[in-house]
1. Can you list the helices (runs of 4 or more DSSP H) found entirely within the range 1-92 that contain at least 1 residues being within 16 Å of the chain's Cα centre (by Cα) and closer than 30 Å to residue 134 by Cα?
2. Is it the case that residue 77 is free of Cβ contacts under 8 Å to residues at least 40 places away in the same chain, open to solvent by 70 Å² or more (accessible area, probe 1.4 Å) and within 30 Å of residue 25 (Cβ to Cβ)?
3. Please work out which residue is modelled with the highest pLDDT, limiting yourself to the range 89-114 and to residues that are closer than 21 Å to residue 136 by Cβ and open to solvent by 100 Å² or more (accessible area, probe 1.4 Å).
4. Being under 30 Å from residue 147 (Cβ atoms), more than 17 Å from the chain's Cα centre (by Cα) and hydrophobic (A, V, I, L, M, F, W, C) is the filter here; which residues of the range 93-118 pass it?
5. Starting from residues that are in contact with a helix residue (DSSP H, G or I) (Cβ under 7 Å, 6 or more places away or on another chain) and not aliphatic (A, V, I, L, M), keep the ones in the range 22-36 and report whichever is farthest from residue 57 (Cα to Cα).
6. With the structure loaded, tell me whether residue 63 is on the phi > 0 side of the Ramachandran plot and modelled with pLDDT under 85 or whether it fails that test.
Amino acid sequence: MTEVDVFAPLSSLQWVDRSLLHANDYNPNKVSEDNLQLLIQSILTNGWTLPIVCRPDYTIIDGFHRWTVSGREPLRSKLGGKVPVVLVVHDSEADDIFGTITHNRARGTHLLEPMKAIVKRLLDEGKSVKEISRQLGMKPEEIFRLSDFSRDDFLAMMTEGVTGYSRAAIYKKT
């Protein structure tokens, strides 16, 4: 195995027209439409934080979903059709595949207890369920499951300030 210059990819950082890039034919990672919307929200909130990793021929090794959403509005207009790219030169296509899989797997998964602590912290800081839902891509039901609120307390929080409905239409299951 060739020794890798760990500085080389970031030294090659460039903004290129997204039309130059193309997907590889082996990425097993699939993302739901909800998570693509979350990725768009993340870029709009945080800016573009991770470049797309490509071979010199612009085949994507990592960042296919970032590339995908870069073609959607409002990102396409905001980015002027460009995406940040770093180039990686591997000795073989197998090394490209290894690169794709290790990038995907290295991101890990979210564990239940730390996510419960995060939701509790955000709620304790006064963040609304709506804001947490938008920023983290969670449905209100997910936030409820991760919170320590009772069903009634959570429903009260969700309907706080909501007007325009008849109290007669609200039934409490007993």
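1. Details: elements: 8-11, 33-46, 64-70, 75-79.
Helices (runs of 4 or more DSSP H) meeting the threshold: 33-46, 64-70, 75-79.
2. Working: free of Cβ contacts under 8 Å to residues at least 40 places away in the same chain: yes; open to solvent by 70 Å² or more (accessible area, probe 1.4 Å): yes; within 30 Å of residue 25 (Cβ to Cβ): yes.
Taking the combined requirement at face value, the residue satisfies it.
3. Among those residues, the one meeting the criterion is 113.
4. 112, 117
5. First, the residues of the range 22-36 that are in contact with a helix residue (DSSP H, G or I) (Cβ under 7 Å, 6 or more places away or on another chain): 23-24, 26-27, 29, 31, 36.
Then keep just the ones that are not aliphatic (A, V, I, L, M); that gives 24, 26-27, 29.
Numbers: 24: 11, 26: 16, 27: 17, 29: 21 Å.
My answer is 29.
6. no
The values are calculated or read from the model by the stated rules, or taken from the named source; none is laboratory data. Just so you know, these numbers come straight off a predicted model, no measurement behind them. Cβ atoms come from the backbone with ideal geometry, glycine included; neighbour counts cover every protein chain shown. Side chains included, ligands, DNA and RNA excluded: accessible areas come from the protein's heavy atoms. Shrake-Rupley method; radii C 1.70, N 1.55, O 1.52, S 1.80 Å.
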